[in-house]
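The values are calculated or read from the model by the stated rules, or taken from the named source; none is laboratory data. What you see is a predicted model; the values in this text were computed from it and never measured. Cβ: placed from backbone, ideal geometry, glycine included. Neighbour counts: every protein chain shown. In case anyone asks, the SASA skips ligands and DNA or RNA and just uses the protein heavy atoms, side chains included. Shrake-Rupley method; radii C 1.70, N 1.55, O 1.52, S 1.80 Å.
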Amino acid sequence: MFHIPFLIRLFIATLAAAIAIDPANASTGPWSFEQDQELGFRYAYPLNLFSELRGDGKPAFHYFASHGSAAEFLVGAWNNRENRTPEGFKRWLIANAGGYDDVTYRPRGRSWFVLSGYRGEDIYYEKVMFSCGGQVVNVMAITYPTNQRETYDPVVEHMEDNFRPARSC
C-alpha cells in the first residue's frame, strides 16, 4: 500500500520533471502573464526573449521585440465595427495586408483562424479570435527568423496556449 508522503513526493518529482523538460521553459526563463486593461484579453511571453515597445497609440495593442534577434510580436483587440466574420476577415487580410503568399498552416474554427507560413527568411504565426458574439476581434502575431525555429517554435506554442480572447464586451 502507498503512503501519503510517498505519493506527494512522486507528484512533486513528476511535476518538476515536466517543468524541466518543457521546451518553452528550457532556455526562455520566466514568463510574464498579462491581461489587457481595456478589453481583457490575456497573453503570455518569455521575459528573457522579449521586451515591450512603445505603442503607436492604438488602445488595446501591445508590441514586443526580441532582445537578441529579429523576432517580434504583437497582441491586440478591437471592436468589430465592420461586422466581419472570421472567414470574411481572413479573406480581407490575405487580399489587403500582403505577405500571405507562402501560407503553410491554416486551421480554423467557428470563431477563430490561424495563418502561418514564411515571409522571406522569417516564419510568421497569426491567430485571430472573435469574441463577445463576434463583436471583438483579438489577434496575436509573431514573426521570427527561420534559423531560430528551434528556440521560437516551442515559445509560439506556449504563447498560443495562453492567448485568451477579450471578455469585456
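Against the conditions (1) buried (at least 18 other Cβ atoms within 10 Å of the Cβ); (2) in contact with a strand residue (DSSP E or B) (Cβ under 6 Å, 6 or more places away or on another chain); (3) closer than 23 Å to PHE64 by Cα; (4) modelled with pLDDT of 95 or more, THR151 satisfies every one except (2).
Within region 1-39, the set of residues being modelled with pLDDT of 80 or more and open to solvent by 100 Å² or more (accessible area, probe 1.4 Å) comprises PHE33, GLN35, GLN37, GLU38. Take ASP101 and tell me if it is open to solvent by 40 Å² or more (accessible area, probe 1.4 Å), over 24 Å from GLY55 (Cβ atoms) and modelled with pLDDT under 95. It is true that ASP101 is open to solvent by 40 Å² or more (accessible area, probe 1.4 Å), over 24 Å from GLY55 (Cβ atoms) and modelled with pLDDT under 95. With respect to the conditions (1) part of a strand (DSSP E or B); (2) touching a helix residue (DSSP H, G or I) at 6+ places or on another chain (Cβ under 8 Å); (3) open to solvent by 20 Å² or more (accessible area, probe 1.4 Å); (4) within 22 Å of PRO59 (Cα to Cα), VAL137 lacks only one, and its number is (3).
The rows are residues; the columns are (1) in contact (Cβ under 8 Å) with a residue 24 or more places away in the chain; (2) out of contact with any Ser or Thr (no Cβ under 7 Å at 6 or more places or on another chain); (3) in a loop (DSSP other than H, G, I, E, B); (4) among the polar types (S, T, N, Q).
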site: GLY57; (1), (2), (3), (4): no, yes, yes, no
site: ILE94; (1), (2), (3), (4): no, yes, no, no
site: SER116; (1), (2), (3), (4): no, no, no, yes
site: GLN148; (1), (2), (3), (4): yes, no, no, yes
site: VAL155; (1), (2), (3), (4): yes, no, no, no
site: HIS158; (1), (2), (3), (4): yes, yes, no, no
site: SER168; (1), (2), (3), (4): yes, yes, yes, yes
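Entry remark, region 40-55: residues being open to solvent by less than 20 Å² (accessible area, probe 1.4 Å), small (Gly, Ala, Ser), out of contact with any Ser or Thr (no Cβ under 6 Å at 6 or more places or on another chain) and outside any strand (DSSP E or B) number 0 in total. Which one is nearest to ASN162 (Cα to Cα), of the residues in region 93-146 that are under 19 Å from the mean Cα position of the chain (by Cα) and charged (D, E, K, R)? Among those residues, the one meeting the criterion is LYS127. Being free of Cβ contacts under 8 Å to residues at least 60 places away in the same chain and touching a Leu at 6+ places or on another chain (Cβ under 6 Å) is a description that applies to TYR63.
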